[in-house]
Amino acid sequence: MNHQQLKQDLIEYSKTIGIDKIGFTTSDPFLELKNRLIEQQKRNYASGFEEPNLDKRTDPKRLMPEARSIIAIAVAYPSRLHNAPKSRKGQRRGIFSRSSWGLDYHHVVKDRLKKVEAFIQERVPDALLKSMVDTGELADRAVAERAGIGWSGKNCSVLDPEYGSYMYLGEIITNIPFLPDAPMEDLCGTCTKCLDACPTGALVAGGQINAKRCISFLTQTKELIPAEFRDKVGNRLYGCDSCQTSCPYNKRVDFHLHQELEADPEIAKPELLSLLSLSNRAFKEQYGSLSGAWRGKMPIQRNAILALAHFKDPEHIGPLAELLKKDARPVIRGTAAWALGKIGGIEAAVILKECLAMEQEELVRTEIESAIAKLEKLGE
């Protein structure tokens, strides 16, 4: 088998199946990455969503002992929401991050990887192949960087001069010894716009992130979001794009190359109040195809409450009061209490005091008491 010819054939084939970039690298361990991950753990910066075994994350041969190389792919996604509905008084809206527009990217990228696998298998029947996207053991960004897809930016995303950082990544470990591509030069230079734009200071240094402070991580948790970050969430329902939208390489990037990744504006930027009354079934029907739905409806609804507080419209007091009085979930009641304190006013203060007399859950009582204290300090 002529591996160089197979590589060239793969590059040409990839262009016909919706792969925007493809690169090849060795199966050598990612030693520098391992050192960075060890440092992340020491500093307690890891989110907890990652594969806990650092050897699996950094040594392809732990996943496939026969591994000789890795094929990395990238699929570009849109950065602008065309015909986006306006958020206005009486119809306030939240926003899903760009990585959650359209069909769940895990399915989209896996589809491309399966086609690459079939292409290889047809020509090399005994080839060993292992694909993964995001939730796999390997660190997608480290693979993409070494395979020449782009460089690792200060915003912890892989950046390419053409597509910016708006790319979904995936890879295939294989026993085929493909000739590796050269990594791309780091072009961030002295720019620190992404660090400056991060709402919570999660980007502690170029290429280093404290995931526990990252809004993208916080919006995916299932607990109460720590009080210091609630104002920072704004109207984000899932994820955060600040470190990407601030990047100069992303300023004019907006690729609409794949129909599956096109956003439904009403889903990507939904009305907040309508989100709060959705049943589990209705949530799955409307939002289940998004990558942002993977944690279920509760985190999205909690974030919608924070977004209502962000807009501070007095007409939201009624719906928030209903949640505080009747919702069975302590996290939702606690967040509603905080939101009422944020919106403020005599009506909100009366409701909070009424609910404090009825509430049994300590977590919620603490939030109500804090909201009341805040309003009393303001003289409401």
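A short reminder: the numbers here are calculations on the coordinates, not readings from a lab. Just so you know, these numbers come straight off a predicted model, no measurement behind them. Because the Cβ atoms are built from the backbone with ideal geometry, glycine has one as well, and the counts that use them run over all protein chains shown.
Across the cross-link table entries Lys251/Lys284; Lys86/Lys312; Lys130/Lys154; Lys114/Lys212, which are compared at the Cα atoms, the separations over 25 Å belong to Lys251/Lys284; Lys130/Lys154; Lys114/Lys212. As a proxy for reagent exposure, Met167, Met132 were ordered by neighbouring Cβ count within 10 angstrom, fewest first; the result is Met132, Met167.
Of the GluC sites (Glu not before Pro) found in the range 161-244, those that fall in a DSSP loop while having at most 14 other beta-carbon atoms within 10 Å are Glu162, Glu185, Glu223. Along its three principal directions, the equivalent ellipsoid of the range 304-349 from the Cα gyration tensor extends over semi-axes of 16, 11, 8 Å, largest first.
Loop-located trypsin sites (Lys or Arg not before Pro) in the range 163-272 (DSSP state other than H, G, I, E, B) with a sparse environment of at most 14 neighbouring Cβ atoms within 10 Å: Lys222, Lys251, Arg252. Distance distribution P(r), the chain, all Cα-Cα pairs, bin width 10 angstrom from 0: 5, 22, 29, 23, 14, 6, 2, 0 percent. The GluC sites (Glu not before Pro) of the range 31-102 meeting both criteria, a DSSP state outside H, G, I, E and B (loop) and at most 14 other C-beta atoms within 10 angstrom of the site's C-beta, are Glu66. Using a/c under 1.5 as the rounded threshold, could you call the range 109-160 rounded, prolate or oblate? The axes a ≥ b ≥ c are square roots of the C-alpha gyration tensor eigenvalues, and prolate needs a/b larger than b/c, oblate otherwise. Since a/c reaches 1.5 and a/b is larger than b/c, the shape of the range 109-160 is classed as prolate.
The calculated pair-distance distribution of the range 242-369 uses every alpha carbon pair, bins of 10 angstrom beginning at 0, and gives 12, 35, 28, 17, 7, 1 percent. Within the same chain, aspartates and glutamates fewer than 8 places from Lys326 are excluded, and of the rest, those with a Cα less than 15 Å from its Cα are Glu354, Glu359, Glu361. What helices does the chain hold that run 18 Å or longer along their axis, going by alpha-carbon atoms, with a Kyte-Doolittle average of 0.0 or more, using DSSP H for the helix calls? Span-like helices, by this rule, are 297-311, 330-343, 346-358.
What relative contact order, as a whole-number percentage, does the range 268-349 give when Cα pairs under 8 Å and 6 or more residues apart are counted? Computed over the range 268-349, the figure is 27 percent. When the Cα centres of the range 323-358 and the range 165-235 are compared, how far apart do they sit, in Å? Here the answer is 34 Å between Cα centres.
Fewest neighbouring Cβ atoms within 10 Å first, the residues Arg146, Arg295, Arg57 line up as Arg295, Arg57, Arg146.
What shape does the range 1-148 have by the C-alpha gyration tensor, where a ≥ b ≥ c are the square roots of the eigenvalues, rounded means a/c under 1.5, and otherwise prolate means a/b greater than b/c and oblate the rest? Could the numbers behind the result be given before it?
Values: a/c = 2.71, a/b = 1.31, b/c = 2.07.
Here the range 1-148 falls in the oblate category.
Considering helices alone, the calculated mean residue ellipticity of the chain at 222 nm is -12000 deg cm²/dmol, with DSSP H runs of length four and up weighted by -39500 (n - 2.57) and normalised per residue. For the range 190-303, what does the alpha-carbon gyration tensor say about shape, rounded, prolate or oblate, given a ≥ b ≥ c as the root eigenvalues, a/c under 1.5 as rounded, and a/b over b/c as prolate? Oblate. Sequence gap at least 6, Cα distance under 8 Å: using those rules, report the relative contact order of the range 91-184 to the nearest whole percent. Answer for the range 91-184 is 31 percent. Cβ-to-Cβ counts within 10 Å put Leu224, Leu324, Leu179 in ascending order as Leu179, Leu224, Leu324, the fewest first.
The Cys residues in the chain with no partner Cys Cβ within less than 4.7 Å of their Cβ are Cys156, Cys188, Cys191, Cys198, Cys214, Cys240, Cys247, Cys355.
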